[in-house]
Amino acid sequence: MKLYTNDGWLDAKHVEEVAVRNNIAFILIVGKRQIGKTYNVLKLMLDEHKNFVLLRGVSPEFDMLKKNVNSPFEAIHGYENTIVFENGNQYTADIVKLGEDDNKETIGLLSYLSGIGRVRGLNGSKYTDVVWDECIPESHLLKVRNGDNAFLNMYTTFAGNRELEGKPPLRCWLLANSNDFNADIFKALDITDIVERMTLRNEEFRLLKERGIMILRPESHAVIEKRKKTALYRAIGGNSQFAKMAFENEFSFNDSTDVGQPPIQEYNLLLTVGEISIHVHKSSIVLYVTSKSKAQARHIYSESEYGFRTFAKDYPEIKAMYQRGKLIFQSMTVKTYFLNIVEKF
């Protein structure tokens, strides 16, 4: 698939063409910084006269934008100073295109994930696309509580009954810099393991046609080679966490030193909790955490709040062993699942 323009920027127009041909509703673009993700996707919305929703995660991001501070539209060629946010309230603002003779046209809606569920009487059927910018918050930013469910509820709100009426599905553009496997959007779409495999194999494109999902991990070497000559890259070097995330498309804020696949025959199955199983080494104090085993465990905890809470109560020492580095995980997907349990309960 052709991901880039001749200048090395993300080719959002071609991405959309592929999505339309394959009836794709969810386009996840997890890529390096400043390769044209936000710029080109928003320019596509404007050029094709889409009625779209621009979504951010939490209220501080929304509040800043609705005041027209650091608007992503300011830098889009051909639309400078003509796209503004107006009529803002606690949860939404109109995206307005300014024309000649004081003419104004409302072309979209600005909102944020943790607030959209509080809007009453919202008619989402008129919107064709949702662009969720920064859908994976960086480590220093606020995250949406229960973000996976919030995302699914948001999509349901805007999708409405359009597909039951024979209309195309609402298309979601999910844009992020790569830095965290433990991302709510991965959980919501159940693609953590797929993104992990793509990362390990340096894959840039995966089409899950039967599920209506497209995943892009654009490398854009042409643009990144230029950015490596900038002052910041020269100052911090290529081995810093930030550089690996921003320039190398690595999930560098995830510690994978405890991920591996030791011989399973050296372990005995101890318990199953939800979709993972925990095994204890036969001769040392080490636990191996894998995807759910087909064998019958002595203790089984359901994939529910009650099951997770009971597991945490019955086995507090497992969390302590993790903190002491006594756990090995079969994959980052398994580790993420485990951490979602022990960090919550």
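Taking the stretch 21-69 as the range and being in contact with a helix residue (DSSP H, G or I) (Cβ under 6 Å, 6 or more places away or on another chain), part of a loop (DSSP other than H, G, I, E, B) and of a type in the set (S, T, N, Q) as the test, only Asn22 passes. Selection within the stretch 186-196: residues that are touching a residue at least 40 places away in the same chain (Cβ under 8 Å) and aliphatic (A, V, I, L, M). The member of this set that is surrounded by the fewest Cβ atoms within 10 Å (Cβ to Cβ) is Ala188.
Somewhere in the stretch 130-137, is a residue over 30 Å from Ile35 (Cβ atoms) and aromatic (Phe, Trp, Tyr)? Within the stretch 130-137, none of the residues are over 30 Å from Ile35 (Cβ atoms) and aromatic (Phe, Trp, Tyr).
Give the number of residues within the stretch 148-185 that are without any contact (Cβ under 8 Å) to a residue 12 or more places away in the chain and assigned to a helix (DSSP H, G or I). Summing the residues that are without any contact (Cβ under 8 Å) to a residue 12 or more places away in the chain and assigned to a helix (DSSP H, G or I) in the stretch 148-185 gives 1. Taking strands (runs of 3 or more DSSP E) as the structural unit, those lying wholly within the stretch 88-138 and holding at least 3 residues that are surrounded by fewer than 20 Cβ atoms within 10 Å (Cβ to Cβ) and at pLDDT 85 or above correspond to 92-98, 104-112.
In the stretch 162-179, which residues are crowded, with 21+ Cβ neighbours inside 10 Å and farther than 15 Å from Asp133 by Cα? Answer for the stretch 162-179, where residues must be crowded, with 21+ Cβ neighbours inside 10 Å and farther than 15 Å from Asp133 by Cα: just Leu170. Scanning the stretch 266-287 for any residue that is touching a Ser or Thr at 6+ places or on another chain (Cβ under 6 Å), under 30 Å from Leu216 (Cβ atoms) and either modelled with pLDDT under 95 or loosely packed, with under 14 Cβ neighbours inside 10 Å (or both) turns up nothing.
A quick yes/no check of all residues on (1) within 18 Å of Cys135 (Cβ to Cβ); (2) touching a residue at least 40 places away in the same chain (Cβ under 8 Å):
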{"position": "Lys2", "(1), (2)": "no, no"}
{"position": "Asn6", "(1), (2)": "no, no"}
{"position": "Trp9", "(1), (2)": "no, yes"}
{"position": "Ile35", "(1), (2)": "yes, yes"}
{"position": "Met45", "(1), (2)": "yes, yes"}
{"position": "Val58", "(1), (2)": "yes, yes"}
{"position": "Met64", "(1), (2)": "yes, no"}
{"position": "Pro72", "(1), (2)": "yes, yes"}
{"position": "Leu110", "(1), (2)": "yes, yes"}
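With the requirement that a residue be over 14 Å from Gly108 (Cβ atoms) and either at pLDDT 90 or above or surrounded by 12 or more Cβ atoms within 10 Å (Cβ to Cβ) (or both), what does the stretch 75-87 give you?
Quick first cut of the stretch 75-87, residues over 14 Å from Gly108 (Cβ atoms) only: 75, 77-78, 80-81.
Answer for the stretch 75-87, where residues must be over 14 Å from Gly108 (Cβ atoms) and either at pLDDT 90 or above or surrounded by 12 or more Cβ atoms within 10 Å (Cβ to Cβ) (or both): Ala75, His77, Gly78.
When the stretch 145-160 is filtered for residues that are under 13 Å from the mean Cα position of the chain (by Cα) and surrounded by 21 or more Cβ atoms within 10 Å (Cβ to Cβ), the ones remaining, listed by number, are Gly147, Phe151.
With the requirement that a residue be in a loop (DSSP other than H, G, I, E, B) and at pLDDT below 90, what does the stretch 186-204 give you? Even if it seems obvious, please write down each step before you answer.
We begin by selecting, within the stretch 186-204, every residue in a loop (DSSP other than H, G, I, E, B); these are 190-191, 202-204.
Answer for the stretch 186-204, where residues must be in a loop (DSSP other than H, G, I, E, B) and at pLDDT below 90: just Asn202.
When the stretch 252-291 is filtered for residues that are farther than 18 Å from Tyr315 by Cα, touching an Asp or Glu at 6+ places or on another chain (Cβ under 7 Å) and not in a strand (DSSP E or B), the ones remaining, listed by number, are Phe253, Asn254, Lys282. Taken over the stretch 266-308, the criterion of being closer than 13 Å to Phe338 by Cβ and of a type in the set (Val, Ile, Thr) is satisfied by Thr272, Val273, Ile276, Ile278, Val289, Thr290.
The values are calculated or read from the model by the stated rules, or taken from the named source; none is laboratory data. This one's a predicted model, so the numbers in the text were calculated from it and none came from an experiment. Please note: Cβ atoms are built from the backbone with ideal geometry, for glycine as well, and neighbour counts cover all protein chains shown.
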